[in-house]
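The values are calculated or read from the model by the stated rules, or taken from the named source; none is laboratory data. In this text, all values refer to a predicted model and were calculated from it rather than measured experimentally. Don't worry about glycine lacking a Cβ; one is built from the backbone with ideal geometry, like all the others, and counts go over all protein chains shown.
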Amino acid sequence: MGYTIDIDTGGTFTDGFFVCGERVATVKVPTTPHDLTECFLECARAGADSFGVPVEDLLYETDIVRFSNTIGTNTIIQRDGSKIGLLVTAGREHLTPTRPDDGKSPLVWPDMVLGIDECVSPDGEIVKTPSGQAALVAAQRLIDQGARCLVVCFANSEFNQDNERFVRQAIKSEYPRDYLGSVPVFLSSDISPRSGEVERINAAVLNAYIHAKLVRLLYKAGEELRKRLYRRNLFIVHNNGAVARVAKTRAINTYNSGPAAGLLGARSVGELYGIRDLVSMDMGGTSFDLGHVRHGQASYTLRPDVEGLAVNVPMLSIRAIGAGGGSIASVKGGKLQVGPQSAGALPGPVCFDLGGTNPTVTDADLILGILDPDYFLGGTMKLNSEKARAEITGQVAKPLGVSSEEAALMIKNLIDEAMGREVKRLIQEIAPDFDPVLLVYGGAGPAHCCDIARIAGLKKIVITPFSAVFSAYSSSSMEVGHLYYRRVDLPLDANSTLEPLASPLAEMLEEAERDMRGEGFSTDQVTRQLGLFVRPSGGGDEVKLTADVNFFESPEKVKTLIKQAGTELSAQGAYVLTTVGLLASAPTVHYQVTECPPVDCRTEQAGKGTRPVFLAAGEDPQEVPVYDRSRLGNGHQILGPAVIESEHTTFLLPEKWKMTVDRYNNIFAEEVERP
């Protein structure tokens with residue numbers, strides 16, 4: 001059995017989860033924003049060091065590498081993607097994302113949008129075919145104005161792609177791929193066949209905007225792996241719940257891929273205990289990501305919001321807030337403010353001693369005594385307490401007229417209050433009877449989770465031993481898969497037949513067989529599942545239902561589908577099956593959770609001593625016991641206040657909280673009253 005490697009690049013740290021048989025290694029290295037392949041390779045080297053082998057030996061014996069990253073998110077936020085030339089149906093130019101957003105430049109500049117005279121009816125009939133010459137003239141003009149890629153988004157192209165394809169062919173006949181002057185041409189109908197013209201334009205533009213940077217990184221990362229003797233494909237984590245090789249990855253499918261993996265990992269942890277309702281909370285250095293599982297189903301959205309733009313590409317639903325260990329604290333108008341700006345990886349918090357001068361949540365945790373300056377990242381990174389205290393004192397404590405410890409506590413309380421309210425809001429939005437367990441991960445999450453849970457009204461928390469690298473850990477259980485869509489718009493009522501689905505389904509199955517064969521899987525290794533997008537015939541929101549690939553062969557299946565739609569939509573009557581999706585997936589080597597035997601030693605034997613921690617305003621620091629997480633096992637219990645340290649994260653257990661380590665080596669923490 002070889003190694004498996006899962007790497008997740010975040011805004012501050014890059015996390016690695018390495019497995020070989022029963023041996024597991026977790027690593028964290030600083031993210032290198034200027035070139036993410038550097039931290040990617042450094043993470044691989046750190047993993048090899050953990051196993052005591054050269055990185056070339058590790059990679060030669062590796063069965064699979066899965067990679068999630070923040071390139072898409074960062075590119076959109078920083079507005080440093082490709083300059084886009086956009087071709088739309090004449091008269092639809094006003095629907096494009098050409099308006100500045102919160103002071104940021106638009107994704108497409110207004111003079112980079114041109115209309116093309118063409119028309120497709122809502123029934124999919126070609127009313128007017130575009131002129132090939134007009135398309136070439138428009139493309140040349142956009143290229144002359146600096147376009148590095150072209151996007152074609154025609155009205156009603158979800159019903160008929162022919163006009164979009166015609167324009168692409170006309171452009172490619174003038175600029176074939178083997179010419180240096182060739183430019184990529186993206187079609188909105190390739191990105192999404194679902195309804196919603198604005199959402200489809202946004203999706204196609206976002207995909208093109210981040211495409212070039214993503215291609216450069218992923219192909220470079222793959223090449224660097226091959227140079228170091230890795231013999232297989234580099235697989236990329238997708239936000240639809242699967243992984244695929246670089247050549248079969250669309251850029252938009254990588255958006256929020258790390259948090260999406262974490263959500264699926266949270267669901268898997270819940271399945272160990274039969275927990276079907278939970279909220280996943282990922283607090284890293286840069287962001288605070290929330291997802292949820294309801295009745296065993298991970299949160300999923302058919303019309304996600306991607307950095308303020310609505311798109312119609314279904315993906316796992318993650319709510320991201322600008323709050324994390326690197327969130328910057330400042331005083332404005334006599335009031336304390338924390339975030340949403342982050343110190344990121346460089347320069348990072350002041351205590352990282354990398355040139356940062358803005359105090360952050362991590363600096364506050366250090367001043368409070370929650371973090372040990374000599375044991376951050378297992379002692380591989382020393383924190384500068386003096387610099388952190390100086391900046392918190394000068395920029396926060398003095399303006400507010402409080403001590404540095406009180407200022408640090410105010411920073412922690414403010415960020416915890418904000419995040420607790422977000423968790424509570426999410427719970428209230430889901431359902432009145434939604435009573436979830438809070439699953440916590442991310443490097444900064446365990447230090448803040450109990451107060452966040454208290455504010456949100458939650459009584460139970462789960463923290464896994466891999467919480468600091470949880471997105472990487474979670475991707476280790478993801479399978480290789482491809483997702484396909486076809487627009488069908490099939491009416492559903494008691495008299496309907498599903499026979500019209502036979503042709504589009506056959507097309508998708510053929511495409512899936514070809515792609516999965518390219519991934520190295522035979523037909524008998526592939527599992528296939530349909531996603532059915534249904535809405536009321538009179539209009540309204542869609543729901544996604546699942547079915548096996550043979551469901552349409554029986555007339556009874558129509559009645560079953562209608563009944564399911566009525567339950568999900570809380571409606572009765574006729575429906576429309578708008579889109580059919582096919583997920584083809586195959587198993588890969590991944591980590592298996594095993595049970596641990598009960599411990600035969602007392603909790604005190606995991607103790608590391610005590611240290612002063614500032615827990616409450618107006619009180620002196622309290623001597624709090626500190627425990628080594630690696631020495632805690634099945635059956636150990638601790639009453640707060642206490643600090644539990646692992647190599648990559650620190651868990652603060654407040655007063656009136658109790659934690660227990662269970663048979664899966666997970667921590668369950670609950671709010672209790674002392675006897």
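Could you please let me know if Arg194 is surrounded by 16 or more Cβ atoms within 10 Å (Cβ to Cβ), modelled with pLDDT under 95 and outside the structural domain of Glu93 (by TED's automatic domain parsing)?
yes
Regarding segment 505-520, can at least one residue be identified that is loosely packed, with under 13 Cβ neighbours inside 10 Å, outside the structural domain of Thr249 (by TED's automatic domain parsing) and more than 31 Å from the chain's Cα centre (by Cα)?
Yes, segment 505-520 has at least one match.
Quick check, is Arg168 over 31 Å from the mean Cα position of the chain (by Cα) and within 30 Å of Val488 (Cβ to Cβ)?
Taking the combined requirement at face value, the residue satisfies it.
Collect the residues in segment 484-515 that are touching a residue at least 12 places away in the same chain (Cβ under 8 Å) and of a type in the set (D, E, K, R), keeping them in residue-number order.
Arg486, Arg487, Asp489, Asp493, Glu499, Glu507, Glu511, Glu513, Asp515
Of all residues in segment 78-134, how many are within 18 Å of Val183 (Cβ to Cβ) and among the aliphatic types (A, V, I, L, M)?
Of the residues in segment 78-134, 11 are within 18 Å of Val183 (Cβ to Cβ) and among the aliphatic types (A, V, I, L, M).
Can you find a residue in segment 30-45 that is under 20 Å from Asn233 (Cβ atoms), among the acidic types (Asp, Glu) and at pLDDT 95 or above?
no
Can you name the condition, by its number, that Asn256 falls short on among (1) out of contact with any Ser or Thr (no Cβ under 9 Å at 6 or more places or on another chain); (2) at positive phi; (3) not acidic (Asp, Glu)?
All conditions are met except number (1).
I need a count of the residues in segment 462-495 that are farther than 28 Å from Arg517 by Cα and touching a Pro at 6+ places or on another chain (Cβ under 9 Å).
Counting residues in segment 462-495 that are farther than 28 Å from Arg517 by Cα and touching a Pro at 6+ places or on another chain (Cβ under 9 Å) gives 4.
For residues that are aliphatic (A, V, I, L, M) and modelled with pLDDT under 95, scanning just segment 332-391, find the one that is nearest to Val643 (Cα to Cα).
Leu377
Of the residues Pro347, Pro340, Pro373, Pro304, which single one is farther than 30 Å from Pro97 by Cβ and in contact (Cβ under 8 Å) with a residue 12 or more places away in the chain?
Just a single option satisfies the conditions, and that option is Pro373.
Can you find a residue that is in contact with a Pro (Cβ under 9 Å, 6 or more places away or on another chain) and either buried (at least 21 other Cβ atoms within 10 Å of the Cβ) or at pLDDT below 95 (or both) anywhere in segment 237-252?
Scanning segment 237-252, I find at least one residue that is in contact with a Pro (Cβ under 9 Å, 6 or more places away or on another chain) and either buried (at least 21 other Cβ atoms within 10 Å of the Cβ) or at pLDDT below 95 (or both), so the answer is yes.
If I ask for residues that are assigned to a loop (DSSP other than H, G, I, E, B), of a type in the set (Gly, Ala, Ser) and surrounded by fewer than 24 Cβ atoms within 10 Å (Cβ to Cβ), which ones from segment 261-296 would you list?
Those that are assigned to a loop (DSSP other than H, G, I, E, B), of a type in the set (Gly, Ala, Ser) and surrounded by fewer than 24 Cβ atoms within 10 Å (Cβ to Cβ): Gly274, Gly296.
Answer yes if at least one residue in segment 449-463 is of a type outside the set (Gly, Ala, Ser), within 21 Å of the chain's Cα centre (by Cα) and closer than 17 Å to Ala260 by Cβ, and no otherwise.
no
Just the residues that are farther than 21 Å from Leu377 by Cα, part of a loop (DSSP other than H, G, I, E, B) and out of contact with any Asp or Glu (no Cβ under 7 Å at 6 or more places or on another chain), please, taken from segment 453-468.
Gly457, Leu458
Test Ser173 against the stated conditions and say whether it is touching a strand residue (DSSP E or B) at 6+ places or on another chain (Cβ under 9 Å), of a type in the set (Gly, Ala, Ser) and either surrounded by fewer than 23 Cβ atoms within 10 Å (Cβ to Cβ) or at pLDDT below 95 (or both).
Here the answer is no, as Ser173 does not meet what is asked.
Considering only residues that are free of Cβ contacts under 8 Å to residues at least 40 places away in the same chain and among the charged types (D, E, K, R), which ones fall in segment 518-540?
Asp524
Kindly state which strands (runs of 3 or more DSSP E) lie completely within segment 561-653 and contain at least 3 residues that are over 30 Å from Ser404 (Cα atoms).
575-586
For every residue, the table says whether it meets (1) surrounded by 15 or more Cβ atoms within 10 Å (Cβ to Cβ); (2) of a type in the set (Gly, Ala, Ser); (3) closer than 30 Å to Ile5 by Cα; (4) modelled with pLDDT of 95 or more.
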site: Lys559; (1), (2), (3), (4): no, no, no, no
site: Leu577; (1), (2), (3), (4): yes, no, no, no
site: Thr594; (1), (2), (3), (4): no, no, yes, no
site: Arg611; (1), (2), (3), (4): yes, no, no, yes
site: Tyr627; (1), (2), (3), (4): yes, no, yes, yes
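Can you tell me how many residues within segment 564-604 are of a type in the set (Val, Ile, Thr) and either without any contact (Cβ under 8 Å) to a residue 24 or more places away in the chain or under 30 Å from Gln637 (Cβ atoms) (or both)?
Within segment 564-604, residues that are of a type in the set (Val, Ile, Thr) and either without any contact (Cβ under 8 Å) to a residue 24 or more places away in the chain or under 30 Å from Gln637 (Cβ atoms) (or both) number 5.
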